[in-house]
Amino acid sequence: RKGMMSARVAYQGIFLRPAVFVPSPESWQLQVHQTTLSLNDLTHGSVFGMRSLNTAPNAAGLTNIFNIVGAQADLGGRLQCVESTSGRDRTGLVSMNFGINLFFNMPLHPNPQKFTTIAFCTSMQVSRNIGHHECSWDINGPLGGYLNQGWKLVDINLPQHEAGLTQQRNKRRQMDLLPLQLSVIWFFEKDQARIAANDMTPLYQVTIVTVDVYASIGYTGSSSNLNITSLIKEMGDKGWSVVSVLDTPAAQQTGMMAMKCTVSVFFQRPLVEVPPLH
């Protein structure tokens, strides 16, 4: 905590590289675009689809993200992750804008392969009990529906919960302020050439590892023992790469100022070597 109305928040970055370096003619640079996300009118189901079909978002709050993702895709850019920031702006009694950072890999090489990104929204139910919170949500539905059609998982975002983690004084989480239902936004991508060829061949598989994290809360800040380095290395040796580290609302109080939290780590790997289109 840095003051009465300010706090310093720690973030972690995860970098991926091949275990064996193979020279490639492709080169990339990272770009970060800042925008906002409003969940006031977000409905469950498809949030936005393929820009090439001129499908607009079914929720006005996603228009900024839709336009940025589409514009970068036109240049060959690929969305890498969607991260909530500590910024929030209340726009009404029940509506709020959340700060969002969109991370892209932008090609520096000519004639880049182009991908289309889509978003899908599901709900997470949060049940509050004395001393602990539980959450239930459909994981297999979105994953199975898109992976089985050849899409690749890009990221998963819990904007209401993630924004709550970086706000509300200096507590790690304000569970009493969580709504009973959260919106889970899934992002998937697919090669535009495969979309044009109506190729539905499944190319990727996803697995989830649940990690218990112990957090302590003090008067000047909070800390946790989150360390997934060994898990990432173990899974990486088997060909898996990290897609998303999702801090869920599931938690159990273990002391006056301590709790056990649940983090879901999503890993992805190719089913087979991605075959070329003929």
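A few comments on the model shown:
- Enumeration of residues in the stretch 64-79 that are polar (S, T, N, Q), over 13 Å from residue 100 (Cα atoms) and touching a residue at least 12 places away in the same chain (Cβ under 8 Å): 72
- Contacts under 9 angstrom Cβ, first residue in the stretch 116-135 being open to solvent by 40 Å² or more (accessible area, probe 1.4 Å), partner at pLDDT 85 or above and not in a strand (DSSP E or B), 6 or more apart: 120/142; 120/145; 120/146
- Residues that are of a type outside the set (Asp, Glu) and modelled with pLDDT of 90 or more are absent from the stretch 168-181 altogether.
The values are calculated or read from the model by the stated rules, or taken from the named source; none is laboratory data. Because the structure is a prediction, the values reported are computed rather than measured. FYI the Cβ positions are ideal-geometry reconstructions off the backbone, even for glycines, and counts take in every protein chain you see. With ligands, DNA and RNA removed, areas are computed over all heavy atoms of the protein, side chains included. Shrake-Rupley method; radii C 1.70, N 1.55, O 1.52, S 1.80 Å.
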